[in-house]
Amino acid sequence: MKKNRLFYKVISLILSIVAICSFTVNIAVAAADDEMSPQTVTGSEIEPNNTFATAQIMHSDYTLTGHIGSAGDVDYYKVTFPITGYANFWLGNIPSTLDLDLFIYNQSHTQIASSTGNGNAELISNVAVTAGQTYYIKVESFYADLYDASNPYLIRTKVQMNSYAYFSQNPTNFGITNLDKTYTSYS
């Protein structure tokens, strides 16, 4: 009788260990899948955010929607990175009726980078950032009197620990589906 109880206890222990290991593997697979899939929109712009003082807080690796909703509207965001490294700043899904530009400032409000193209996305990559420092992101229309209150843009930041890391392997294709595919080059 004692042998049977011991046998069942051993089997029960083995099954418990197998269940725990299976659960851990499933979590690891889910985390790996999340790293490979594009980041979903995690929030929306909150007005007023049209000055350094009213800049909306955003987090690294989050994607927000925003609008240039009236003539002269400017949107400011601020981010404090958790690690020292190199950051990418992406502005995408720009409405076809607008020419939006992207500017990055340090915590002293000094401009340190910009992207002023005229396509449907802007990317500033490989900006050296320091953990705990606040960086400001400014989005504005090249033509101050043009706006689109109906169609949102997307804004995102991401920090990497090494240099030459980009959001996508094709630096001219900044689409949402390539947002988290990184390309690293060591020189």
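Observations on the structure shown:
- Shown here are the Rg and Dmax of the Cα trace of the range 30-153, at 14.3, 46 Å.
- Accessible area in square angstrom per residue, the range 87-148, 1.4 angstrom probe: 44 Å²
- Residues whose placed amide H lies under 5 Å from that of ALA113, excluding near-sequence neighbours: ILE104
- Summing charges over all other residues whose Cβ lies under 15 Å from the Cβ of THR116, with Lys and Arg as +1 and Asp and Glu as -1, gives -3.
The values are calculated or read from the model by the stated rules, or taken from the named source; none is laboratory data. These numbers come from a predicted model, not from an experiment. FYI the Cβ positions are ideal-geometry reconstructions off the backbone, even for glycines, and counts take in every protein chain you see. These accessible areas exclude ligands, DNA and RNA; they are computed on the full protein's heavy atoms, side chains included. Shrake-Rupley method; radii C 1.70, N 1.55, O 1.52, S 1.80 Å.
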